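The next block holds one structure in the form of structure tokens; read it before the comments.
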Amino acid sequence: MPASDGSEGQQEFQKWYQAQFNQVKPKPPIVKNALWAFVVGGLICTFGQVILNYFLGLGLSMKEAAGPTSAVLIFLAALFTGLGVYDELGRYAGAGSIVPITGFANSIVAPAMEFKREGYVFGLGAKMFVIAGPVIVYGLVTAFVIGLIYWLRH
């Protein structure tokens with residue numbers, strides 16, 4: 001083991017320590033994680049398709065059925081987040097539970113629940129958009145720019 005005297009010795013020690021750490025660090029099960037993400041994300045999307053087909057069966061058009069389908073998925077994700085089920089699912093599914101619209105609902109509800117004890121204004125109201133806020137702002141700005149470009153071209 002190299003001595004740790006001065007900055008040169010400190011850098012050498014850090015390199016040695018990193019090499020030792022890399023030897024014993026467990027390797028992540030990438031294939032297993034990717035498979036879980038694919039399966040869970042696919043199941044969420046399949047469930048969304050079942051809901052969409054239900055609304056289509058009620059006689060709504062595809063355009064009319066899209067909104068209620070999203071609302072049902074968002075409601076269920078918020079409910080399951082509140083019950084602690086969605087976070088447990090996310091522990092195994094990773095990106096498979098984050099990428100669909102249900103992951104966005106989870107990203108709003110989870111911080112709100114965490115900070116609710118700080119009150120409705122400074123806790124729930126201020127913190128519920130900590131994660132989702134940048135996504136909303138980016139989406140609004142992008143939609144505005146694309147709408148402006150579309151309006152200028154026509």
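From the list VAL135, VAL109, VAL130, pick out the single residue that is assigned to a loop (DSSP other than H, G, I, E, B), of a type outside the set (D, E, K, R) and in contact (Cβ under 8 Å) with a residue 12 or more places away in the chain.
One residue alone meets the criteria, VAL130.
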The range 56-109, residues that are among the small types (Gly, Ala, Ser) and within 27 Å of PRO29 (Cα to Cα): ALA77, GLY84, GLY90, ALA93, GLY94, ALA95, GLY96, SER97, GLY103, SER107
Any pair with Cβ under 6 angstrom, 6 or more apart, that starts in the range 1-20 at a residue that is part of a loop (DSSP other than H, G, I, E, B) and ends at one that is at pLDDT 60 or above and among the charged types (D, E, K, R): PRO2/GLU12
Count of residues meeting criterion [surrounded by 10 or more Cβ atoms within 10 Å (Cβ to Cβ), under 17 Å from TYR92 (Cα atoms) and charged (D, E, K, R)] in the range 24-74: 1
Residue within the range 113-125 that is modelled with pLDDT under 90 and either within 14 Å of the chain's Cα centre (by Cα) or closer than 16 Å to CYS45 by Cβ (or both) present: no
Some residue of the range 78-96 being surrounded by fewer than 17 Cβ atoms within 10 Å (Cβ to Cβ) and of a type in the set (S, T, N, Q): no
Of the criteria (1) surrounded by 15 or more Cβ atoms within 10 Å (Cβ to Cβ); (2) within 30 Å of ILE101 (Cβ to Cβ); (3) of a type outside the set (Val, Ile, Thr), which one PHE13 fails: (2)
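A quick yes/no check of all residues on (1) farther than 24 Å from VAL130 by Cα; (2) touching a helix residue (DSSP H, G or I) at 6+ places or on another chain (Cβ under 9 Å); (3) outside any helix (DSSP H, G or I):
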| position | (1), (2), (3) |
| --- | --- |
| ASN33 | yes, yes, no |
| VAL39 | yes, yes, no |
| THR46 | yes, no, no |
| THR102 | no, yes, no |
Search result, residues across the range 127-152 that are β-branched (Val, Ile, Thr) and either modelled with pLDDT of 90 or more or under 18 Å from MET113 (Cβ atoms) (or both): VAL130, ILE131, VAL141, THR142, VAL145, ILE146, ILE149
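The values are calculated or read from the model by the stated rules, or taken from the named source; none is laboratory data. Model, not experiment: these values are computed from the prediction. Don't worry about glycine lacking a Cβ; one is built from the backbone with ideal geometry, like all the others, and counts go over all protein chains shown.
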